[in-house]
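K.L.:
Here it is: the structure, laid out below.
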Amino acid sequence: MKAVKWFGPHDMRTVDVEKPVPKPHEALIRIESTGVCGSDLHYYSDGRIGQATITEPLILGHEYAGLVEAVGAEADPSLVGKRVAVEPGIPCLHCEWCHTGHYNVCPDMVFPGGPPHDGALCEYIAVHARFCFPVPDSMSAAEAAMLEPLAVAVHTVELAGLKPGESAAILGLGPIGLLTAQVAKLAGVSLLFGTDLEQYRVAAGAKHGVDKAFNASSHDTVETILSETNGRGVDVVFDCARSSVTPSLACRAVRPAGRVILTGISGTEEDPLPVSVARRKELTLQWCRRFCFDYPRSLALLASGRVDVASLVTHSYALEQAGEAFDLVLNFRDNVLKASIDQ
Ligand SMILES: [Zn+2]
Ligand SMILES: [Zn+2]
């Protein structure tokens, strides 16, 4: 089968690899759509995210959906022929964290497109059938693939423990930030700020539920949020940016005893945090690691029509053009939000 492999920074090549054979508990999926994620971009340009380093050619991609073509002997046979969104990370299901409700931090997680595990920029993938979620017929494959970033947004918002009527700010209005805006609105946020360095993303924020969207390259993030809230700050700040600067801004823009949810991935090992501000305000800092039990509810939200993922998928490319798609997203060209690789 065809696959696109990363060989080095900005070097992706279409190659032939062996088509997978499903194990007894697995489903064989013919991949229809794979989204390009911000985390993929770190691998694409640097070959690493923090300590996770690519050491040999790797198939990237983890936001995917497709048709189940076959299942192994122990997997649910009713999945065959269905379009499924796939929760990409397959935990060990045996360790302490898997047994105590935190399978998303399983140290033995097999995550496609994260070294050393091949991902979904290819024609077929075999995956634990339990992590395949059939989607309604009306849902396109590109929309179904968006379930992955939507699940991140749902987890981000639930980690904040938002109360109806609270105020919030989102730093970074890429797909994760825009989905977080939609979910936060549904959760009852009364006033939502949103910032980005790209003007078209600021405009997209206003369309997806942000009440006060502004460009962080021309407006001071902290000053703007503080002055618009009479010096109080917002109840919650969601850091959804690919930045080493935003964690600090989040601590300064949140109210005393507020919550900061850190979902964006700067890609570095260490980012600066204003510990004395955080201590004096007695802040709660909560990191978000992908999602945990969020797929069924995210799918229900998407199927209900209450969130819009379709308008976030701005570009579509063929598998062989995956490198072009990565370059487009990396350079914020052509007002891109989400690029999907469709087959
Ligand atoms: Zn992703
Ligand atoms: Zn585990």
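Every read-out reported here was derived from the displayed coordinates using simple, explicitly stated rules and does not represent laboratory data. It should be emphasised that the depicted structure is a prediction, and the values quoted were computed from it without experimental measurement. Using ideal geometry, Cβ is built from the backbone for each residue, glycine included, and neighbour counts are taken over all protein chains shown.
K.L.:
So how long is each side of region 99-176 along the principal axes, counting just the alpha-carbon atoms, biggest first, in Å?
P.N.:
Projected onto the principal axes, the Cα atoms of region 99-176 cover 45, 35, 24 Å.
K.L.:
So what are the ³J(HN,Hα) numbers for region 121-129, from phi and the Karplus equation (6.51, -1.76, 1.60; θ = phi - 60°), rounded to whole Hz, Gly and Pro as x?
P.N.:
After applying 6.51 cos²θ - 1.76 cosθ + 1.60, I find 8, 6, 7, 9, 9, 10, 8, 3, 4 Hz.
K.L.:
Taking N as the number of residues in region 40-92, what value does Rg over Cα atoms divided by 2.2 N^0.38 Å take? Write out the running numbers ahead of the final one.
P.N.:
Numbers: Rg = 15.3 Å, N = 53, 2.2 N^0.38 = 9.9 Å.
Rg over 2.2 N^0.38 Å, computed on Cα atoms: 1.54.
K.L.:
Long-range amide H contacts for G264: which residues qualify at under 5 Å (H placed 1.01 Å from N, peptide plane, sequence gap of 5 or more or a different chain)?
P.N.:
Result for G264 returns D239, C240, A241.
K.L.:
How do 270-279, 112-121, 176-185, 285-294 rank on mean C-beta neighbours within 10 Å, highest first?
P.N.:
Details: 270-279: 12.6, 112-121: 22.3, 176-185: 27.0, 285-294: 18.0.
Output ranking for 270-279, 112-121, 176-185, 285-294: 176-185, 112-121, 285-294, 270-279.
K.L.:
Which value in nm describes the separation of the simple spin-label points at D76 and N230, placed 7 Å from the Cα toward the beta carbon?
P.N.:
According to this spin-label approximation, the distance is 5.1 nm.
K.L.:
Further question on the same structure: Quick one: which residues, 5 or more positions from A169 or on another chain, have an amide H under 5 Å from its amide H? H modelled 1.01 Å from N in the peptide plane, none for Pro or chain starts.
P.N.:
For A169, the qualifying residues are F193, V236, V237, F238.
K.L.:
Let me check I have the definition right: for region 150-287, take the eigenvalues of the Cα gyration tensor, multiply each by 5, take square roots. What are those semi-axes in whole Å, largest first?
P.N.:
Working: eigenvalues 70, 53, 48 Å².
Result for region 150-287: semi-axes of 19, 16, 16 Å.
K.L.:
Any idea how many Lys pairs in the chain come in under 19 angstrom at the alpha carbon, given 8 or more places apart or on separate chains?
P.N.:
Numbers: K2/K19; K5/K19; K23/K82; K163/K185; K185/K207; K185/K212; K207/K338.
Lysine pairs satisfying the spacing and distance rule in the chain number 7.
K.L.:
Would you mind calculating the gained length between K19 and N331 on full extension (0.36 nm times residue separation, minus the Cα-Cα distance), in nm to one decimal? Could you put the intermediate results ahead of the total?
P.N.:
Working: separation 312, 0.36 × 312 = 112.32 nm, distance 3.28 nm.
That works out to 109.0 nm of additional length.
K.L.:
Under 5 Å between amide hydrogens, which residues at least 5 positions from Y317 or on another chain qualify, with H placed 1.01 Å from N in the peptide plane?
P.N.:
So Y317 has HN proximity to S340, I341, D342.
K.L.:
At q = 0.07, 0.09 Å⁻¹, what log₁₀ I(q)/I(0) does a Debye calculation on the Cα points of the chain give, no solvent, two decimals?
P.N.:
Result of the Debye calculation: -0.28, -0.46.
K.L.:
What full-extension length gain, to one decimal in nm, is calculated for C92 and R297 as 0.36 nm per residue of separation minus the Cα-Cα distance?
P.N.:
71.6 nm is the gain from fully extending C92 to R297.
K.L.:
Can you run phi through the Karplus equation (6.51, -1.76, 1.60; θ = phi - 60°) for region 139-144 and list ³J(HN,Hα) in whole Hz, with x for Gly and Pro?
P.N.:
Here the 3J(HN,Hα) series is 8, 6, 5, 5, 5, 4 Hz.
K.L.:
Residue by residue, what Karplus-based ³J(HN,Hα) values in Hz, rounded to whole numbers, does region 4-15 have, using 6.51, -1.76 and 1.60 with θ = phi - 60° and x for Gly and Pro?
P.N.:
10, 10, 7, 10, x, x, 6, 10, 10, 10, 7, 9
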